[in-house]
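What follows is calculated from the coordinates using simple rules that are stated; it is not laboratory data. What you see is a predicted model, and the numbers here were worked out from it, not measured in a lab. All Cβ positions, even for glycine, are placed from backbone atoms using ideal geometry, and neighbour counts span all protein chains on display.
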Amino acid sequence: MLKKLTLKTKTRDQMIDITHQVQAFITENNVREGSAIVYCPHTTAGITINENADPDVKTDMIRRFDEVYPWHHPLDRHMEGNTAAHMKASTVGASQYVIIKNGQLLLGTWQGIYFCEFDGPRTRTFYIKIL
């Protein structure tokens, strides 16, 4: 089972909770046991699992990414000028693997799955594959 989803990001850096979309695909397909892979086919965006209870975590993460990978650096040579977005996406990674147990994503109490935009706003896609 494979599903392609589309979303629109609103800012250059944004973390969008997509946990509900992943769980909905599992529920729609009556998957009881297995695993889900969530994959982002973009070089300036990624997928991560992190806290979904306190919105300040997302704000802090984006700020810290900007500190580590500043948008403008005098030595960057990439002609598009988005080297920072590539670095952030490589740090986060392109996919996450989550166990499915009793029809539910096996996530920790405070965990959610996030689509991480680092070069928006854009229309983006991501995939969910059930194994």
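Quick notes on this structure:
- Residue within segment 14-24 that is of a type outside the set (S, T, N, Q) and in contact with a Pro (Cβ under 6 Å, 6 or more places away or on another chain) present: no
- Count of segment 1-23 residues, restricted to those that are over 10 Å from residue 126 (Cα atoms) and basic (Lys, Arg), is 3.
- Scanning segment 103-131 for residues that are polar (S, T, N, Q) and more than 27 Å from residue 86 (Cα to Cα) turns up 104, 109.
- Boolean, residue 7 is surrounded by fewer than 18 Cβ atoms within 10 Å (Cβ to Cβ) and free of Cβ contacts under 8 Å to residues at least 40 places away in the same chain: no
For every residue, the table says whether it meets (1) touching a residue at least 60 places away in the same chain (Cβ under 8 Å); (2) within 21 Å of residue 129 (Cα to Cα); (3) of a type in the set (Gly, Ala, Ser).
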| site | (1), (2), (3) |
| --- | --- |
| 28 | no, yes, no |
| 67 | no, no, no |
| 70 | no, no, no |
| 73 | no, no, no |
| 81 | no, no, yes |
| 109 | no, no, no |
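- Positions within segment 7-56 being more than 21 Å from residue 88 (Cα to Cα) and part of a strand (DSSP E or B), in sequence order: 34, 35, 36
- Qualifying residue in segment 30-51 (condition: more than 17 Å from residue 130 (Cβ to Cβ) and either more than 16 Å from the chain's Cα centre (by Cα) or of a type in the set (Lys, Arg) (or both)): no
- Complete set of residues in segment 36-71 that are exposed (fewer than 11 other Cβ atoms within 10 Å of the Cβ) and touching a strand residue (DSSP E or B) at 6+ places or on another chain (Cβ under 7 Å): none
- Of the residues making up segment 72-131, those that are surrounded by 15 or more Cβ atoms within 10 Å (Cβ to Cβ), hydrophobic (A, V, I, L, M, F, W, C) and in a loop (DSSP other than H, G, I, E, B) are 94, 107, 118.
- Matching residues in segment 10-26 - criterion: being closer than 16 Å to residue 97 by Cα, in contact (Cβ under 8 Å) with a residue 40 or more places away in the chain and not aromatic (Phe, Trp, Tyr): 17, 18, 19, 21, 22, 23, 26
- Single unsatisfied condition, residue 122 versus (1) in contact with a strand residue (DSSP E or B) (Cβ under 6 Å, 6 or more places away or on another chain); (2) within 19 Å of residue 4 (Cα to Cα): (1)
- Flag if residue 67 is outside any loop (DSSP other than H, G, I, E, B) and more than 25 Å from residue 5 (Cα to Cα): yes
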